[in-house]
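Inspection log for the structure reproduced underneath, given as structure tokens.
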Amino acid sequence: MNLSFHPLCLSLPDMTPDAFKALVDDVRRNGQLRDIVLYEGMILDGRHRYRACLECKTQPRVVEFSGSDPVAFVISENVARRHLTESQRAMVATQLSSWERGKPSNSATWPNKPQKQSHVAELLGVSSRTIRRASEVRKHGTAQLVTRVESGDLTVTEAAKIAQLGKKSQERILGIEDRQEQRKEVAKALSISQGRKNHGPRTDFIESVEQAPWLVTFMARLEGLIQCAVNAGVDPATLRDRLMNETNWNDSRFAERYGRTVPWLEAIGRLPKEPDWARPSV
């Protein structure tokens with residue numbers, strides 16, 4: 001029996017070598033305990049069981065999928081049993097959503113109303129924001145970066161930051177084994193990259209004195225925030241009035257986020273308008 005794997009089946013990450021070896025040993029001792037499920041002539045669930053059967057020279061036992069929702073079936077059968085992390089589930093969601101958007105021409109059983117990404121997110125127990133980050137990793141990340149997230153070695157949040165960098169930078173950073181050192185390199189590379197996108201954030205606030213990486217990043221982000229206001233036609237003189245008049249203060253999520261910024265805004269407000277080093281010598 002020679003079977004191929006359905007795209008939905010391949011949306012799940014491979015077992016670790018140790019887990020697959022344990023499965024092969026179990027099939028060799030106890031035989032195939034769970035059926036392999038077929039859909040559209042391909043394996044929908046049980047690709048590792050199928051491989052284990054072939055390795056043990058055991059005839060695979062298969063059944064046809066009889067449900068109406070193959071996506072929900074794959075999620076139900078695999079996610080809880082495989083103990084996938086939130087980041088791994090988000091990567092699975094991007095694959096499932098991609099399959100839903102790309103109707104195969106030879107599929108007679110394709111749903112008339114494809115499930116939306118939000119439904120997949122609900123089934124997998126991940127937020128849409130996390131799925132968007134996973135999409136960025138798949139779109140801009142190297143194959144190695146994608147694999148590291150799928151294997152559970154990196155979180156999708158960490159990977160999404162790395163994916164903002166060029167391919168060579170990604171490869172260099174992924175080669176750093178120490179996670180703390182790796183995060184420092186990511187922050188440093190992002191600050192440099194952000195500076196280039198903004199035509200170079202000012203790093204010459206104190207001549208001949210090297211700026212701390214966090215400060216370079218902070219000022220680059222602050223300049224980006226100011227540019228956002230400028231692009232919206234907001235000038236410093238009317239900033240407060242426009243914020244008061246154009247903000248929906250009934251939005252609880254916005255109010256919560258704004259509340260977290262208040263101490264930082266107050267701290268910035270207490271900075272001297274003209275630091276001592278900036279004043280001309282008398």
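Tell me, yes or no, whether segment 22-38 has at least one residue that is under 30 Å from SER127 (Cβ atoms), under 33 Å from the mean Cα position of the chain (by Cα) and modelled with pLDDT of 90 or more. So far as segment 22-38 goes, yes, one or more of its residues are under 30 Å from SER127 (Cβ atoms), under 33 Å from the mean Cα position of the chain (by Cα) and modelled with pLDDT of 90 or more. Filtered by the rule that a residue be free of Cβ contacts under 8 Å to residues at least 24 places away in the same chain and assigned to a helix (DSSP H, G or I), segment 139-168 gives ALA143, THR147, LYS168.
The residues in segment 80-96 that are free of Cβ contacts under 8 Å to residues at least 60 places away in the same chain and at negative phi can be counted, and the count is 5.
In the set SER97, SER68, only one residue is loosely packed, with under 11 Cβ neighbours inside 10 Å, small (Gly, Ala, Ser), farther than 30 Å from ASN30 by Cβ and modelled with pLDDT of 65 or more; that residue is SER68.
ARG129 falls short on exactly one of the conditions (1) in a helix (DSSP H, G or I); (2) surrounded by 13 or more Cβ atoms within 10 Å (Cβ to Cβ); (3) modelled with pLDDT of 80 or more, and that condition is (2).
Set side by side, the residues LEU271, LEU265, LEU225 differ, and just one is within 28 Å of LYS188 (Cβ to Cβ), modelled with pLDDT of 75 or more and part of a loop (DSSP other than H, G, I, E, B), which is LEU271.
ILE162 meets the conditions (1) of a type in the set (A, V, I, L, M); (2) surrounded by fewer than 22 Cβ atoms within 10 Å (Cβ to Cβ); (3) farther than 14 Å from GLN88 by Cβ in every case but one. The failed one is (2). Checked across segment 150-159, the condition of being surrounded by fewer than 21 Cβ atoms within 10 Å (Cβ to Cβ), more than 11 Å from the chain's Cα centre (by Cα) and over 24 Å from VAL71 (Cα atoms) holds for at least one residue.
Checked against the criterion of being among the small types (Gly, Ala, Ser) and more than 22 Å from GLU150 (Cβ to Cβ), segment 10-30 contains not a single residue that satisfies it. Residues in segment 1-17 that are farther than 22 Å from GLU86 by Cα, of a type outside the set (Phe, Trp, Tyr) and surrounded by fewer than 18 Cβ atoms within 10 Å (Cβ to Cβ): MET1, ASN2, LEU3, SER4. The set of residues in segment 227-262 that are surrounded by 12 or more Cβ atoms within 10 Å (Cβ to Cβ) and within 30 Å of the chain's Cα centre (by Cα) comprises ALA229, THR247, PHE254, ALA255, TYR258.
The values are calculated or read from the model by the stated rules, or taken from the named source; none is laboratory data. Quantities reported herein were computed from a predicted structural model and do not represent experimental measurements. Backbone-built Cβ (ideal geometry, glycine too); neighbour counts: all protein chains shown.
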